[in-house]
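Enquirer: Let me give you the structure first, and then I'll get to my questions.
The values are calculated or read from the model by the stated rules, or taken from the named source; none is laboratory data. All values derive from a computational prediction rather than experimental measurement. All Cβ positions, glycine included, derive from the backbone under ideal geometry; neighbour counts span all protein chains shown.
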Amino acid sequence: MLIKDLSRLVCGRTNYHGSTHVCPYCLHCFREAHSLENHIPDCKIHSPQRICYPPPGEQVEFKNTIRTHKVPFALYCDFESYLQPVADGGNVVNEHVPSGFCCLRVSQYPEYETPPVVYSGPEVMDAFFRHLHAEKKEICSILGVQMPMKRLTADQQSLFDSSTACTECGVSYSDKNKKVRHHVTGDFVAPLCRNCNLQVKPRQASISKKSFCEA
């Protein structure tokens, strides 16, 4: 079907009752023409995205077992900034300059949670990444402790002996993917196959300014 006016097609998305300027790539509505002109150069470089489902009847193997588990630690960060005028910036009038940040560490282990860290001063981003690296070092030291597994109780041993398939992926054990005892901080959790057991191990992620900015 030929669409001659995108504004009429998607005008119900906004509370504005007049004609709008619509991006042909993402269908976002703009009230002013110059806003659309500024938006299009950045939007058109991205390829279209859509959700693709497997054909009916096709079985899809799920392999990212680690994605089904909560992360042991998480950092929640928030920045404050002010607008600074840009001289000869073309269409850019102001830029956001960070003036401070707040970082909160939460964990599934309450004893390792810390109060919010608040910083306000010069070189905010440098201070932020120094704090991130300090957090990474401390968290990795906590997760890197190898605790020997405690002796299984009678019920735990019975559960392990009776298990014929991995409790995570549901695949039967084999000589190549043997049954193992999954444990955390020394406590037995469940019988898993070797592949899933390796996936659920805590990850020690790296932090860099480049990866943070790209994210």
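Enquirer: Tally time: how many residues in segment 169-180 are modelled with pLDDT of 90 or more and touching a helix residue (DSSP H, G or I) at 6+ places or on another chain (Cβ under 7 Å)?
Expert: Within segment 169-180, residues that are modelled with pLDDT of 90 or more and touching a helix residue (DSSP H, G or I) at 6+ places or on another chain (Cβ under 7 Å) number 2.
Enquirer: Moving on to the next point. Of all residues in segment 141-168, which are under 16 Å from His182 (Cβ atoms), modelled with pLDDT of 85 or more, in a helix (DSSP H, G or I) and under 35 Å from the mean Cα position of the chain (by Cα)?
Expert: Selection gives Gln156, Leu159, Phe160.
Enquirer: Only one residue in Tyr53, Tyr82 is part of a strand (DSSP E or B) and farther than 30 Å from Ile142 by Cβ, so which one is that?
Expert: Tyr82
Enquirer: From Val93, Val106, Val86, which residue is surrounded by 10 or more Cβ atoms within 10 Å (Cβ to Cβ) and more than 30 Å from Val200 (Cα to Cα)?
Expert: After applying the criteria, what remains is Val86.
Enquirer: Among the residues of segment 85-113 satisfying the criterion of being aromatic (Phe, Trp, Tyr) and not in a loop (DSSP other than H, G, I, E, B), which is modelled with the lowest pLDDT?
Expert: Checked segment 85-113; the qualifying residue modelled with the lowest pLDDT is Tyr112.
Enquirer: Restricting attention to segment 61-77, does a residue exist that is touching a Leu at 6+ places or on another chain (Cβ under 9 Å) and of a type in the set (Lys, Arg)?
Expert: No, segment 61-77 contains no residue that is touching a Leu at 6+ places or on another chain (Cβ under 9 Å) and of a type in the set (Lys, Arg).
Enquirer: Also, I was wondering about something else. Please specify each residue of segment 44-66 satisfying the condition of being exposed (fewer than 10 other Cβ atoms within 10 Å of the Cβ) and over 30 Å from Leu192 (Cβ atoms).
Expert: Result: Ile45, His46, Ser47, Pro48, Gln49, Arg50, Ile51, Cys52, Pro55, Pro56.
Enquirer: Take segment 164-195 and flag every residue that is surrounded by 15 or more Cβ atoms within 10 Å (Cβ to Cβ) and in contact (Cβ under 8 Å) with a residue 24 or more places away in the chain.
Expert: Passing the criteria: Cys166, Glu168, Cys169, Arg181, His183, Phe188, Ala190, Pro191, Leu192, Cys193, Asn195.
Enquirer: Looking at segment 2-17, which of the residues that are outside any helix (DSSP H, G or I) and modelled with pLDDT under 80 is surrounded by the most Cβ atoms within 10 Å (Cβ to Cβ)?
Expert: Only one residue tops the list, namely Thr14.
Enquirer: Please go through segment 21-44 and pick out each residue that is closer than 23 Å to Val93 by Cα and part of a loop (DSSP other than H, G, I, E, B).
Expert: Passing the criteria: Cys23, His28, Arg31, Glu32, Lys44.
Enquirer: What number of residues within segment 109-142 satisfy the criterion of being among the hydrophobic types (A, V, I, L, M, F, W, C), over 17 Å from Ser81 (Cβ atoms) and surrounded by 14 or more Cβ atoms within 10 Å (Cβ to Cβ)?
Expert: Number satisfying all stated conditions: 5.
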